[in-house]
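Report on the structure given below.
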Amino acid sequence: MNPTFDLTVEFANQLDEKDVLSDFRKQFYFAGDTNNIYLDGNSLGRLPLKTKTLIADVVEKQWGTDLIESWNKNWYTKSVELGNKIAQIIEASNGEVIVSDSTSVNLYKLAKAALKFQKGKFQIVSDVFNFPTDLYILQGIIQECGNNYELILARQKDEISIDLDDLKSKITEKTALVVLSLVAFKSAFFYNSGEITKWAHEKGALILWDLSHAVGVVPIELNITNADLAVGCTYKYLNGGPGSPAFLYVRKDLQEKLSTPIQGWFGEENPFEFKLNYCPAPGIKKFLSGTPPVISQMAIEPGLDITIEAGIENIHSKSILQTEYFIYLTIEILSKYGFKIGSPLDYKQRGSHVSLQHSEAYRICQSLIQPKKSNFKVIPDFREPDNIRFGFTPLYTTFTEIWQTVERIKTIVETYEFEQFSNERKLVT
Ligand SMILES: Cc1ncc(COP(=O)(O)O)c(C=O)c1O
């Protein structure tokens, strides 16, 4: 993709006029505040309007009035139904995805199941860009298994990309499991999942993809690439709400071969028989553990419906155009102020956020969020040591907002507005 951009705001307006997804913005809540540019949908997606009314109904009618009867009406089957909707978004099949727990817990369940299945292999391969929770979970599993396993991390080629030759050389016949984030949380480096899955399979390894920064914004071809296992968040580009339960995917033919390490009653074949001895439910349901957080779980569905209606192909095309446009404006306008692009320039290797690196990244980020000299705020986020992450959510981010953001950053550095802020980090950055 190599569109011809220009620097004027009129050009940004024209891109918005031509945008086939522009009407989807109206399906989100905007708190009457048009001077608020939200570029953190890769961390916490916006609130869909339908979720607002749905949650009022879940609280007042389903919980308040119908009480326990709501389990039979629509709560009990929701994990499976939501899983089947997510399957449409990640190119998996019905019965291969389920919603439960957090991404961390799901990763634990699937990694442990995979290691138990891969007898006689004691290496786990990941990379240095993986989200820390994934590495922490793997380290914990290794301790739990008497330190019999070894975690091997592929190194980075530079600050932005993983060294693919190094990764491939580390996946060998000794590898039990490969665990990678499809899109890296900091640089947005985007793996070619087909190539890596094929490589892992040739060496007899299973692969577990963390889709958190990818789901809802880039194409994910789990069935086409024959991926074994996957997990992911629903509160980012899927707009499921803060702390909404995560999902997990297990390829059909693996489901009866793997067992869950958390044998809770929700994964039992018939929980309401209350037998004393556990017998796993058939298929994907055995990977459920206990009672889900119903209100948070019910909040997921409207975001999934919007994504399915908009279509991943349309969403991804707009994401590419938006990230390309932001990179163009950064190179043309911001590079002379010390900004460096901390994300791949090739859109085929990039998710939907772009990191900008700067020695004053934290204070510039604070100036964007708490403007002292402007009537509009921009909300990106900060990742150590020097990255401001700008997340572009095609369902509601406009091109004009991207143009305004770059202009605002330029003003902050030109006027040294960031000097009014402390470098002391807040609890959540
Ligand atoms: C790539 C990735 N994996 C896992 C997680 C953690 O998910 P959870 O808090 O649901 O366990 C995150 C959170 O941002 C993430 O970005």
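Summary table
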item	result
Filter result for G146 (out of contact with any strand residue (DSSP E or B) (no Cβ under 9 Å at 6 or more places or on another chain), exposed (fewer than 13 other Cβ atoms within 10 Å of the Cβ) and more than 22 Å from V231 (Cα to Cα))	yes
Leading residue by the ranking (farthest from the ligand (Cβ to nearest atom)) among those in segment 113-124 that are outside any loop (DSSP other than H, G, I, E, B) and buried (at least 17 other Cβ atoms within 10 Å of the Cβ)	Q123
Every residue from segment 224-254 that is in contact (Cβ under 8 Å) with a residue 60 or more places away in the chain, open to solvent by 10 Å² or more (accessible area, probe 1.4 Å) and more than 14 Å from the ligand (Cβ to nearest atom)	I224, R251, K252
Matching residues in segment 65-74 - criterion: being assigned to a helix (DSSP H, G or I) and open to solvent by 50 Å² or more (accessible area, probe 1.4 Å)	T65, E69, W71, N72, K73
Any chance I142 is closer than 28 Å to T291 by Cα, hydrophobic (A, V, I, L, M, F, W, C) and without any contact (Cβ under 8 Å) to a residue 60 or more places away in the chain	yes
Test: residue in segment 291-306 that is within 15 Å of the ligand (Cβ to nearest atom) and closer than 23 Å to G194 by Cα	no
Count - residues of segment 125-135 that are of a type in the set (D, E) and within 9 Å of the ligand (Cβ to nearest atom)	1
Qualifying residues in segment 159-188 (those that are among the hydrophobic types (A, V, I, L, M, F, W, C) and open to solvent by 10 Å² or more (accessible area, probe 1.4 Å)) - the one farthest from the ligand (Cβ to nearest atom)	L164
Segment 1-58: number of residues that are assigned to a loop (DSSP other than H, G, I, E, B) and touching a Leu at 6+ places or on another chain (Cβ under 6 Å)	1
Selection from segment 307-346 of residues that are crowded, with 18+ Cβ neighbours inside 10 Å, more than 26 Å from G194 (Cα to Cα) and out of contact with any helix residue (DSSP H, G or I) (no Cβ under 7 Å at 6 or more places or on another chain)	I327
Any hit, segment 207-214, residues being crowded, with 23+ Cβ neighbours inside 10 Å, farther than 23 Å from S343 by Cβ and modelled with pLDDT of 95 or more	yes
Test for L153: is it of a type in the set (A, V, I, L, M), open to solvent by 40 Å² or more (accessible area, probe 1.4 Å) and under 30 Å from P380 (Cα atoms)	yes
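Residue by residue, here is whether (1) closer than 30 Å to K377 by Cβ; (2) more than 16 Å from the ligand (Cβ to nearest atom); (3) under 22 Å from the mean Cα position of the chain (by Cα) holds:
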{"residue": "R25", "(1), (2), (3)": "yes, yes, yes"}
{"residue": "N35", "(1), (2), (3)": "yes, yes, no"}
{"residue": "G41", "(1), (2), (3)": "yes, no, yes"}
{"residue": "L47", "(1), (2), (3)": "yes, yes, yes"}
{"residue": "W63", "(1), (2), (3)": "no, yes, no"}
{"residue": "K109", "(1), (2), (3)": "no, no, yes"}
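The values are calculated or read from the model by the stated rules, or taken from the named source; none is laboratory data. On a predicted model such as this, the values are computed, not experimentally measured, just so you know. Cβ coordinates were reconstructed from backbone atoms using ideal geometry, including for glycine residues, and neighbour counts include every protein chain displayed. Ligands, DNA and RNA are stripped out before the accessible areas are found, and what is left, the full protein with its side chains, is counted by its heavy atoms. Shrake-Rupley method; radii C 1.70, N 1.55, O 1.52, S 1.80 Å.
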